[in-house]
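Written below as structure tokens is the structure these notes are about.
The values are calculated or read from the model by the stated rules, or taken from the named source; none is laboratory data. Since the structure is predicted, the reported quantities are computational estimates derived from the model, not experimental observations. No Cβ is skipped: glycine too gets one built from the backbone with ideal geometry, and neighbour counts run over all protein chains shown.
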Amino acid sequence: MKAKKPVKLNDLVGEIEMQIDDTFTYINSATGEVFMLTREEIGAAEDEKPLEKFPEWQRENIAKAIQILEDEDGIYIDFTFRNDFNEYELMEDFIGALEDEKIQEKLCEDIQGRGAFRRFKDNTIEHGVDKQWYDYKERKIKELVIKWCKDHDIEIQH
């Protein structure tokens, strides 16, 4: 189903950057709203327990999960990118795009083994390429989101 309202590009990019295990992101195609639900909230909706049994702070999301489960009109679009976005591969691509071979070698070493993300982040700062990294990462995520939206006939608001 084509979204009736454009979706904000920055909302979608923010969701990808923030994705956490056991969470799922959806787009309400009627309003353009982007939101995240936890596995627990979706499970609560599936269990059909009264909303009053849950803490007030969780009720709104459980109500949204119920709407998704009952959505026969295809209003809600799953935007969970867990398998489409791989930050490790993005780091490798960024390293390959750097011109300074010494920085390339150091960052290649940094992304091996446990703690790879922390070491990579620390050493992009140390070598003064952290702004380049964040610009690169944001550009690549935007490209991914724009392509996904085009493939799913969703209009983007920049």
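The residue of the stretch 14-43 that is nearest to the chain's Cα centre (by Cα), among those that are at pLDDT below 90 and not charged (D, E, K, R), is ILE16. Take the conditions (1) of a type outside the set (Gly, Ala, Ser); (2) surrounded by fewer than 16 Cβ atoms within 10 Å (Cβ to Cβ); (3) within 30 Å of ILE77 (Cβ to Cβ); ILE141 misses just one of them, which is (2).
On the basis of being loosely packed, with under 13 Cβ neighbours inside 10 Å, assigned by TED's automatic domain parsing to the domain that holds ARG119 and either in a loop (DSSP other than H, G, I, E, B) or not charged (D, E, K, R) (or both), does GLY74 make the cut?
No, not satisfied.
Under the condition of being touching a residue at least 40 places away in the same chain (Cβ under 8 Å) and closer than 14 Å to LEU9 by Cβ, the residues counted in the stretch 135-151 number 9. Could you say whether any residue in the stretch 23-39 is of a type in the set (Asp, Glu) and more than 23 Å from ILE146 (Cα to Cα)? No: the stretch 23-39 contains no residue that is of a type in the set (Asp, Glu) and more than 23 Å from ILE146 (Cα to Cα).
Condition check ((1) in contact with a Phe, Trp or Tyr (Cβ under 8 Å, 6 or more places away or on another chain); (2) in contact (Cβ under 8 Å) with a residue 40 or more places away in the chain; (3) within 24 Å of LEU12 (Cα to Cα)) across all residues:
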site	(1), (2), (3)
LYS64	yes, no, yes
GLN67	yes, no, yes
GLU70	no, no, yes
ASP73	no, yes, yes
PHE79	yes, yes, yes
PHE85	no, yes, yes
GLU89	no, no, yes
ASP100	no, no, no
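Checking LYS131, LYS142, LYS64 one by one, the residue that is within 27 Å of SER29 (Cα to Cα) and outside the structural domain of GLY14 (by TED's automatic domain parsing) is LYS142 and no other.
The combined condition, being touching a helix residue (DSSP H, G or I) at 6+ places or on another chain (Cβ under 8 Å) and not in a strand (DSSP E or B), is fulfilled by ILE66. Counting only residues that are of a type in the set (Phe, Trp, Tyr) and surrounded by fewer than 12 Cβ atoms within 10 Å (Cβ to Cβ), the stretch 87-133 holds 1 of them.
Among the residues making up the stretch 1-31, those that are over 13 Å from ASP78 (Cβ atoms), in contact with a helix residue (DSSP H, G or I) (Cβ under 8 Å, 6 or more places away or on another chain) and surrounded by 15 or more Cβ atoms within 10 Å (Cβ to Cβ) are VAL7, LEU9, VAL13, ILE16. For the stretch 1-60, a tally of residues being of a type in the set (A, V, I, L, M, F, W, C), assigned to a loop (DSSP other than H, G, I, E, B) and either in contact (Cβ under 8 Å) with a residue 12 or more places away in the chain or within 20 Å of LYS142 (Cα to Cα) (or both) returns 4. Can you confirm whether ALA97 is touching a Lys or Arg at 6+ places or on another chain (Cβ under 9 Å) and among the hydrophobic types (A, V, I, L, M, F, W, C)? The answer is no for ALA97.
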